[in-house]
Amino acid sequence: MKRWALVLLMALLMTGCGSQKEELDQAMALRAKLMAAPGCSFDADITADYGTELQRFSVYCEADYQGNLTFTVTEPETIAGISGKISAEGGALTFDDKVLSFELLAQGQVTPVSGPWLLVRTLLGGNVTACTREDGLLRISAEDGFQADALQMEIWLDGDSPKAAEVVWKDRRILTLAIENFRIL
């Protein structure tokens, strides 16, 4: 009887491992597609959570296979048209008579407009720590480093299309992205 229980337990464990491998394979397949393509584009509704207030805005983004990202603010109308570029080396804003001012998050590590860049950077090369299924979507968990205060990224995929993402710092969600119209170019 013990022998059959052990065989059944091993079969269950191997089934779970196979599923996790399939989920990781799906995440890595998307990474390979993005790295082989010229880039991607998408719309993102971003919410920055400062703990005492929320700031919301929308952007249209284009990124290349190296993770360099350009964005244009589309909402709210008061800041629409502001555009910028973000890369690993830094960023720049372009605007006419408009001011884009958001407080920094995570002790100065993150600006809200860098959320889409963090998403692309994670998809292209983030340190994936887990892949699971959640409400029919693939959930990818990743970290940007190994230090205690590393940024964590949670990304939900529907096939090859990110639908949502969160940036977490010290167990607190600081940015939320709702993603639409994701296209690999």
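Values quoted throughout were computed directly from the atomic coordinates according to the rules given, and no laboratory measurement underlies them. Not measured: the values here are computed from a predicted model. Every residue, glycine as well, gets a Cβ built from its backbone with ideal geometry; the counts of neighbours run over all protein chains shown.
With the largest listed first and rounded to whole Å, the semi-axes of the equivalent ellipsoid of region 32-93 from the Cα gyration tensor are 24, 13, 12. Scalar couplings 3J(HN,Hα) for region 124-136, obtained by applying the Karplus form with A = 6.51, B = -1.76, C = 1.60 to θ = phi - 60°, are 7, x, x, 6, 5, 9, 6, 9, 9, 9, 8, 6, x Hz; x denotes Gly and Pro. In order along region 37-42, the phi-based Karplus estimate (6.51 cos²θ - 1.76 cosθ + 1.60, θ = phi - 60°) of 3J(HN,Hα) comes to 8, x, x, 8, 9, 5 Hz; Gly and Pro are listed as x. With a ≥ b ≥ c taken as the square roots of the eigenvalues of the C-alpha gyration tensor of region 107-185, please select rounded if a/c is under 1.5 and otherwise prolate if a/b is larger than b/c or oblate if it is not? It is prolate, given that a/c is not under 1.5 and a/b is the larger ratio. Taking label points 7 Å from Cα along the Cα-to-Cβ direction, E77 and M28 give a separation of 5.0 nm.
Phi-derived couplings, Karplus 6.51 cos²θ - 1.76 cosθ + 1.60 at θ = phi - 60°, listed residue by residue for region 48-64: 9, 9, 8, x, 9, 8, 10, 10, 10, 7, 10, 9, 9, 10, 10, 10, 9 Hz, with x used for Gly and Pro.
Give, as a single signed number, the net charge of other residues whose beta carbon lies under 11 Å from the beta carbon of A32, with Lys and Arg counted +1 and Asp and Glu -1.
Values: positive: R31, K33; negative: D25, D160.
Taking every Cβ under 11 Å from that of A32, the sum is 0.
Once you reduce region 66-90 and region 107-185 to the center of their Cα atoms, the two points are 18 Å from each other.
A cut-off of 5 Å between modelled amide H atoms, ignoring neighbours fewer than 5 places along the same chain, links V110 with L105.
Quick one: which residues, 5+ away or cross-chain, put their amide H under 5 Å from the amide H of F182? H built at 1.01 Å from N. Result for F182 returns D43.
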